[in-house]
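Here's the structure, in structure tokens; my notes come after.
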């Protein structure tokens, strides 16, 4: 993040005034050109919502090639009672290197609902940090990580509850093929003044090949009483009984595997509230899953 602060040379600023509700999503597309030599892009986005404002924002990374590094930071400030749905998606070259960080600060009664799609056959890192600073704030951070070949994805979340009666939810799914690697670290931190907090984190991963690996480290740090916090993590293979059932109904093995992977990731995509954004992400995830299925067929 410090490197981005020092070198950022491009980006976008979205300012939404008090009480303004946007009927349609705002789309910010970051396009990286193919490069014959290594190249870095340091991008910064600022999203600020006034009190009671409403918006859906999607940030898409497109283009790029091997040797292109995109280092992108999004700063978000949500005023009292504001509502933001924020979707971030990799839609460009899987061989490029993507580092994507979002940091949101939520005032009283504000709500942030984030979704991340990270897909690579190279290297990628996604971070989401929420600071629920005043009473009644609500944060949601969901994501899908897909890697194949020798790709590697790091996903990190940190949700800090500073004030009472805050709520947060996290649902993450990862699928890794070939010799790909995935690492997830999610932390819920409940500070002394945050009594009445309700927070949950769930991370699950599928390994499509014997050479694929996934590491998961969910964390709770609770510094007060009267809270309801939970975390869960599991890593495994596609369900053999479910595959057998689908095959017994006449489906090919490739189609059966594809349907199970779609259901696995669909549980996350279904949490996107805006129908148009939800369908856009579903199509993008399906395209990436097709590449994973081809790698294992």
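FYI, it's all coordinate maths here, none of it is from the lab. Remember, predicted model here, so these are calculated numbers, not experimental data. As a convention, Cβ positions derive from the backbone with ideal geometry for all residues, glycine included, and neighbour counts pool all protein chains shown.
Using only DSSP helix segments of four residues or longer, with each worth -39500 (n - 2.57), what per-residue ellipticity at 222 nm results for the chain after dividing by its residue count and rounding to 500?
Numbers: 4 runs with 54 residues, N = 297.
Only helices count here, giving -6000 deg cm²/dmol.
Please state the relative contact order of the chain as a whole percent: Cα pairs under 8 Å, 6+ residues apart? Present the calculation step by step, with values, prior to reporting the outcome.
Numbers: 841 pairs, mean separation 33.3, N = 297.
Here the relative contact order equals 11 percent.
By count of other Cβ within 10 Å, fewest leading, how are 244, 176, 264 ordered?
Working: 244 11, 176 26, 264 19.
The fewest-first ordering by Cβ neighbours comes to 244, 264, 176.
Angle check, please: helix 275-296 long axis (alpha carbons) against the longest principal axis of the chain (alpha carbons), in degrees 0 to 90, nearest 10.
In the chain, helix 275-296 runs at an angle near 30 degrees to the longest axis.
What is the helix-to-structure angle for 253-269, meaning the angle in degrees between its Cα long axis and the longest Cα principal axis of the chain, kept from 0 to 90 and rounded to the nearest 10?
In the chain, helix 253-269 runs at an angle near 0 degrees to the longest axis.
Pick from 226, 193, 154: which is most flexible by mean-square fluctuation in a GNM of the chain where alpha carbon atoms under 10 Å apart are linked?
226
Please rank 231, 24, fewest neighbouring Cβ atoms within 10 Å first, as an exposure proxy. Please report the intermediate quantities before stating the final value.
Numbers: 231 18, 24 9.
Final ranking by Cβ density, sparse to dense: 24, 231.
Given labels modelled 7 Å from the Cα in the Cβ direction, how far is it in nm from residue 198 to residue 274?
Calculated label separation equals 2.7 nm.
How much length is gained if the chain between residue 13 and residue 249 is pulled fully straight, taking 0.36 nm per residue apart and subtracting their Cα-Cα distance, in nm to one decimal? Write out the running numbers ahead of the final one.
Numbers: separation 236, 0.36 × 236 = 84.96 nm, distance 5.20 nm.
Net length gain for the segment: 79.8 nm.
Got the relative contact order for region 143-297 handy, in percent, Cα pairs under 8 Å and 6 or more residues apart? Walk me through the numbers before you get to the answer.
Values: 315 pairs, mean separation 34.3, N = 155.
Relative contact order for region 143-297 comes out at 22 percent.
I need 70, 167, 197 ordered by Cβ neighbour count within 10 Å, fewest first.
Details: 70 22, 167 18, 197 25.
The fewest-first ordering by Cβ neighbours comes to 167, 70, 197.
Apply the a/c threshold of 1.5 to the C-alpha gyration tensor of region 2-237 and tell me whether it is rounded, prolate or oblate. Working shown, then result.
On the way: a/c = 2.23, a/b = 1.22, b/c = 1.82.
Verdict is oblate for region 2-237.
With the chain treated as a Gaussian network of Cα nodes joined by springs under 10 Å, which of 136, 166, 276 yields the largest mean-square fluctuation?
276
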